[in-house]
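Written out below as structure tokens is the structure these notes cover.
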Amino acid sequence: QVQLVESGGGLVQTGGSLRLSCAASGLTLSRYIMGWFRQAPGKKREFVAAIGRTGTSTLYADSVKGRFTISRDNAKNTVYLQMNSLKPEDTAVYYCAASTSWINRWENEYEYWGQGTQIAVSS
């Protein structure tokens, strides 16, 4: 049974940093593209970042480029999202997801999803 479990969420002030982790089980992480998505209250879920199977390719939403960094440790079956210079508009539930496709930003291409972790950025 595939499980993706996010952790590291919480409350942070504007300008602060958080690092999210996504621990995978039931799959071999190195076979999957991994992505992070987020959903703010009253809004649709949106793409944040994705990383290729070896970690050499990354893709970011314009809204987080230069502030967020996605990385992975296939030996630990874990993906990370380092978030710096956080803004109130980053407040959302953050989800990690796994895809067997090419690196992409499309929700429908991701087969497995975690339950999400809440980030709240206070102004």
Check: Is there any pair with a first residue in the range 89-108 that is open to solvent by less than 10 Å² (accessible area, probe 1.4 Å) and a second that is not in a strand (DSSP E or B) whose Cβ atoms are under 6 Å apart and which are 6 or more apart or on different chains, and what are they?
Finding: Ala92/Ala40; Cys96/Gly114; Ala97/Tyr110; Ala98/Tyr32; Ser99/Glu109; Ser99/Tyr110
Checklist line | Test: Glu6 is under 13 Å from Leu81 (Cα atoms) and among the acidic types (Asp, Glu) | finding: yes
Check: If you go through the range 104-121 one residue at a time, do you hit one that is within 23 Å of Gly15 (Cα to Cα) and polar (S, T, N, Q)?
Finding: yes
Note to self: Tell me which strands (runs of 3 or more DSSP E) are completely within the range 1-75 and hold 1 or more residues being buried (at least 21 other Cβ atoms within 10 Å of the Cβ) and touching a helix residue (DSSP H, G or I) at 6+ places or on another chain (Cβ under 6 Å), or say none if there are none.
What the structure shows: none
Check: Consider Val2 against the criteria (1) closer than 19 Å to Gln118 by Cβ; (2) touching a Leu at 6+ places or on another chain (Cβ under 9 Å): it satisfies all of them except one. Which criterion is unmet?
Finding: (1)
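The values are calculated or read from the model by the stated rules, or taken from the named source; none is laboratory data. Just so it is clear, the model here is predicted, and its values are computed rather than measured. Every residue, glycine among them, receives a Cβ derived from its backbone with ideal geometry; neighbour counts consider all protein chains shown. When the accessible area is computed, the model is the full protein with side chains, heavy atoms only, and any ligands, DNA or RNA have been set aside. Shrake-Rupley method; radii C 1.70, N 1.55, O 1.52, S 1.80 Å.
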